[in-house]
Structure formats: structure tokens, C-alpha cells
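In what follows, a structure is listed as C-alpha cells, so that the remarks can point back to it.
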Amino acid sequence: MKEEALKKAIKTKQQGIKQIAEIEDTETSIVIDYEKKQLIIYTNRATVMNRLQRAGYKPVIEDKVDGEICSRTYVFPTKNIGNFMRTGIFKYD
């Protein structure tokens, strides 16, 4: 298992999204729209974007600076909130 995790980390470093925002300016916002029953996740933290990408989630909005991805917004049904809270997507590095 350890070897598989190492291979994933190497692949992400080579092919993943690079951190554009200064580390002190990074943020991830999770908003619940009760009326639309949507969970809206905005992040400019490359680690979170890469984890969501590896998990197969697609952004609905992607912002770029000088051709590089700097932030993404994802939208999910609120019934999926447990999927995000039980995973390591938002853990501290």
C-alpha cells in the first residue's frame, strides 16, 4: 500500500495542478445552498484540487492565471456531504 501511495504522489507532482496562490492566501470554502440542495466547494489550494481530481470529481468553474489553473469550483447534491467529510480530501498536509 505504501508503494502505491508513493506512485500516486509522484504522478500528481508530475501531472497535477501546481500551487499558484501564495500559501498564506489559500482557502477552501464549503457552502450549502439549502434552497437548491447543493454543496458548493471553492478552492485555490492545489492539494485539494488534485485530490478532488484524483477522486474523479469535475469542476463546474475553473479559473486560470497565465494559463495555469489557480482555482476551481465544484457543485454536488447535498446528500453527498458525508462523502467529503469522511475522506482525506480536506485534511491538513
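Every number here is computed from the coordinates shown, using simple stated rules; none is lab data. Just so it is clear, the structure is predicted and the values come from calculations on it, not from any experiment. Counting neighbours? That spans all protein chains shown, and the Cβs are built from the backbone with ideal geometry, glycine included.
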List the GluC sites (Glu not before Pro) in the stretch 3-64 that DSSP assigns to loop (not H, G, I, E or B) and whose Cβ has at most 16 other Cβ atoms within 10 Å. Which are they? E22, E27, E35
Cα-based count: Lys pairs in the chain below 25 Å, eight or more positions apart or different chains? 29
Scoring the chain by relative contact order with C-alpha pairs under 8 Å, at least six apart, yields a percentage of 25
For the stretch 2-85, radius of gyration divided by Kirkwood radius, i.e. Rg to Rh on alpha-carbons: 1.00
